[in-house]
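Asks: Structure in structure tokens, see below.
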């Protein structure tokens, strides 16, 4: 194909995608504003002309794809579609926000400006770009929620096209997505998008596990279909008699949620019993109450099947904070299997799939009660009013309660308050008012005196006791879970610290007769008190943690020890970095000193600031013990899917890709993530832990040990077995050579009569 034919084919592809976008929009119930969408498309097409994505396709296909997600999958209108088409124009081309404002008006310009601010720049050199972007993202949410909706759509399309990225870039993006964007999508009620984001992350982080689980789900489909058909026959008859318009279908859990459950509970695929749920979606009768119809369907089903009372979830009367409404129940099906049923109206289903955007579809026909979105944005504004200066801590604080499950509690007067699951009496005090929280002395829960750390449960009634002599203490941070409480306590502690620092500075100044202190002398003072910086030093002095000498001359004789020399690995990394920067593009290895293996270049992504090339470290027996750190948070073994994180000391931490701590690192420090590959470890052993449970009987531990010893010598470090009410739980801590060896040992234990579960655990 000639270059001219290729360009014509691309123009046709772009035009077809745009027509698809217009069709999506015209099939919605939004007002017909095709003209502004067309103008936005033409501007984007012209602005991005000649630019290409990493995959090779014309760049304008990306904003088109984002706009289609906004229209078809979120149900938004012309303003959001136009802003989506223009979302990269200001950042990537010569057009300005003022150009957008002149051509498209204030609202679209404001949204594009918000999106540009999220994507560009950072507030400081020593903080994570992603955490700062998240802070800016939340700031823009308080202006227009469409900014975050478009940003989520942008991330979804990037995830759909992630295969064109390098492995290291994939780790960084999936980390950000699981840590920030999937929870945000969930909090905004975008269930379908949240699920797809998680699925795509899982597919790239654990390709083998994803493929294996997908095969097992397909293999067991006939059995599930049979269970559903047996269940559905009498239910369909009962619903048809009610003369309602409805649809009923079985929905299989996502691969990611199944895998997540297997990891959390330490079970095999065969032990995941709730693989699917039955969803009933009904059309509301004109003039009839939605809630009543939900309960009528509930009644019809429970007349047929036995209900499991502890699994009723009434999200109809008390919607989730993300707007989700449905009635959930679990019944015993005809095949002896528990089956979850979700009952929703069409409106509830739209909101469940498309989130808050779907509220607008029904706004003309319905009187909105409390707008949960406004409540959420108000919570964000409270946090932003006094944010933690550390970007990473700020991100954690926000995630801590914006993405949590909820409980409902009452004030002494009977007013209801919503709190995250796990919230304490002190959290409740801060929810009522900051002053009440700051001076909280204790609490009464259901008229009984309890400590501030008491965790609350739904239905509790709480009375807060206060005293003006009480002020926030550092240990309070250990038992609050809400972002508001943590933010207010930290702000108070910072104010207290500033007063102490000022006191310490004055004390040191008085010792030196309020004259300037020479830098050399000041360094000796820092060294004397082992303080990292001036502020820490002043705090130690002001808080009476460090006593000043009677005479300033005592500091003049202090000897400062020289800094330690770089260890072998730090020298190795620095040499590697220098060699990589100096090496030609086609050079694949760089020789190091001291006989340390060389880095192998695999892509052109940066590892550390100002480094031009990316390297892969091979975790071989010759360098692993000195060069790499295995953290206790996930305890990876040879054979696990892992990645590397270059620490501030230029050491490499090796984390499992599924590690929660690693997830945070990938999200917040993407420029320090590297690819690592396991080498040959047969001559080394690693500590692993196996947990098993079962029915207690005489001699079962002897049977398990005998089974383990078959065909191989097992090096067991410790055994801990406990028994209660005829059920035992045991833990083996043992030395192994790989994850595969652990799996083989688990398989042996599982064959012992009486053992019901066995899985590898983190030490």
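The values are calculated or read from the model by the stated rules, or taken from the named source; none is laboratory data. This is a predicted model, so every value here is computed, not measured. Using ideal geometry, Cβ is built from the backbone for each residue, glycine included, and neighbour counts are taken over all protein chains shown.
Asks: Can you report the number of residues in region 1-33 which are within 30 Å of residue 354 (Cβ to Cβ), in contact (Cβ under 8 Å) with a residue 24 or more places away in the chain and surrounded by 12 or more Cβ atoms within 10 Å (Cβ to Cβ)? Break it down stepwise before answering.
Replies: Applying the first criterion (within 30 Å of residue 354 (Cβ to Cβ)) to region 1-33 yields 13-33.
The next check asks that each one be in contact (Cβ under 8 Å) with a residue 24 or more places away in the chain; those that pass are 13-14, 17-18, 20-21, 24-25, 28-31, 33.
Those left that are additionally surrounded by 12 or more Cβ atoms within 10 Å (Cβ to Cβ): 13-14, 17-18, 20-21, 24-25, 28, 30, 33.
So the count comes out to 11.
Asks: Related question: Can you confirm whether region 23-33 contains a residue that is outside any helix (DSSP H, G or I) and more than 27 Å from residue 75 (Cα to Cα)?
Replies: For region 23-33, residues outside any helix (DSSP H, G or I) and more than 27 Å from residue 75 (Cα to Cα): absent.
Asks: Another one. Name the one entry in 441, 465, 452 that is in contact with a strand residue (DSSP E or B) (Cβ under 9 Å, 6 or more places away or on another chain), at negative phi and surrounded by fewer than 16 Cβ atoms within 10 Å (Cβ to Cβ).
Replies: After ruling out the rest, the residue left standing is 441.
Asks: Also, quick follow-up: Just to check your reading of the model, which residue among 199, 247 is within 30 Å of residue 179 (Cβ to Cβ) and in contact (Cβ under 8 Å) with a residue 24 or more places away in the chain?
Replies: It is 199.
Asks: Please work out which residue is nearest to residue 205 (Cα to Cα), limiting yourself to region 243-268 and to residues that are over 23 Å from the mean Cα position of the chain (by Cα) and buried (at least 16 other Cβ atoms within 10 Å of the Cβ).
Replies: Filtering first and then ranking leaves 250.
Asks: For region 740-747, check the following and say yes or no: at least one residue is out of contact with any strand residue (DSSP E or B) (no Cβ under 6 Å at 6 or more places or on another chain) and over 25 Å from residue 259 (Cα atoms).
Replies: no
Asks: With the requirement that a residue be in contact (Cβ under 8 Å) with a residue 60 or more places away in the chain and surrounded by 19 or more Cβ atoms within 10 Å (Cβ to Cβ), what does region 95-110 give you?
Replies: 104, 108
Asks: Is it true that residue 39 is farther than 19 Å from residue 112 by Cα, assigned to a helix (DSSP H, G or I), touching a residue at least 40 places away in the same chain (Cβ under 8 Å) and touching a helix residue (DSSP H, G or I) at 6+ places or on another chain (Cβ under 9 Å)?
Replies: No.
Asks: If you don't mind, another one. Please specify each residue of region 1-22 satisfying the condition of being within 39 Å of the chain's Cα centre (by Cα) and either closer than 14 Å to residue 81 by Cα or outside any helix (DSSP H, G or I) (or both).
Replies: The answer is 17, 18, 19, 20, 21, 22.
Asks: Looking at the structure I just gave you, is residue 113 in the same structural domain as residue 100 (by TED's automatic domain parsing), surrounded by fewer than 23 Cβ atoms within 10 Å (Cβ to Cβ), outside any helix (DSSP H, G or I) and modelled with pLDDT under 90? Before the answer, list the steps.
Replies: Numbers: in the same structural domain as residue 100 (by TED's automatic domain parsing): yes; surrounded by fewer than 23 Cβ atoms within 10 Å (Cβ to Cβ): yes; outside any helix (DSSP H, G or I): no; modelled with pLDDT under 90: yes.
No; evaluated as a whole, the condition is false for this residue.
Asks: If you don't mind, there's one more thing I want to ask. Would you mind listing the strands (runs of 3 or more DSSP E) fully within region 383-449 where at least 1 residues are in contact with a helix residue (DSSP H, G or I) (Cβ under 9 Å, 6 or more places away or on another chain) and modelled with pLDDT under 85?
Replies: By residue number, 406-410, 416-420.
Asks: Give the number of residues within region 303-333 that are in contact (Cβ under 8 Å) with a residue 24 or more places away in the chain, surrounded by fewer than 17 Cβ atoms within 10 Å (Cβ to Cβ) and more than 16 Å from residue 277 (Cβ to Cβ).
Replies: Of the residues in region 303-333, 5 are in contact (Cβ under 8 Å) with a residue 24 or more places away in the chain, surrounded by fewer than 17 Cβ atoms within 10 Å (Cβ to Cβ) and more than 16 Å from residue 277 (Cβ to Cβ).
Asks: Going by the conditions given, is residue 215 touching a residue at least 24 places away in the same chain (Cβ under 8 Å) and surrounded by fewer than 18 Cβ atoms within 10 Å (Cβ to Cβ)?
Replies: Numbers: touching a residue at least 24 places away in the same chain (Cβ under 8 Å): no; surrounded by fewer than 18 Cβ atoms within 10 Å (Cβ to Cβ): yes.
Against the criterion (touching a residue at least 24 places away in the same chain (Cβ under 8 Å) and surrounded by fewer than 18 Cβ atoms within 10 Å (Cβ to Cβ)), residue 215 does not qualify.
Asks: For region 269-302, give me each residue that is surrounded by fewer than 16 Cβ atoms within 10 Å (Cβ to Cβ), out of contact with any helix residue (DSSP H, G or I) (no Cβ under 6 Å at 6 or more places or on another chain) and not in a helix (DSSP H, G or I).
Replies: 273, 274, 285, 286, 287, 288, 289
Asks: Give 154, 92 a once-over and let me know the one that is within 20 Å of residue 47 (Cα to Cα), surrounded by fewer than 22 Cβ atoms within 10 Å (Cβ to Cβ) and either modelled with pLDDT under 90 or in contact with a helix residue (DSSP H, G or I) (Cβ under 6 Å, 6 or more places away or on another chain) (or both).
Replies: Step by step, each of 154, 92 is checked, and only 92 is within 20 Å of residue 47 (Cα to Cα), surrounded by fewer than 22 Cβ atoms within 10 Å (Cβ to Cβ) and either modelled with pLDDT under 90 or in contact with a helix residue (DSSP H, G or I) (Cβ under 6 Å, 6 or more places away or on another chain) (or both).
Asks: Looking at this structure, is residue 4 out of contact with any helix residue (DSSP H, G or I) (no Cβ under 7 Å at 6 or more places or on another chain) and modelled with pLDDT of 85 or more?
Replies: no
Asks: Within region 50-72, restricting attention to residues that are in contact with a strand residue (DSSP E or B) (Cβ under 8 Å, 6 or more places away or on another chain) and not in a loop (DSSP other than H, G, I, E, B), which residue is modelled with the lowest pLDDT? Explain how you work it out, then say what you get.
Replies: Pass one, region 50-72, residues in contact with a strand residue (DSSP E or B) (Cβ under 8 Å, 6 or more places away or on another chain): 51-52, 58-59.
The next check asks that each one be not in a loop (DSSP other than H, G, I, E, B); those that pass are 52, 58.
Values: 52: 88, 58: 91.
Across region 50-72, the extreme among qualifying residues is 52.
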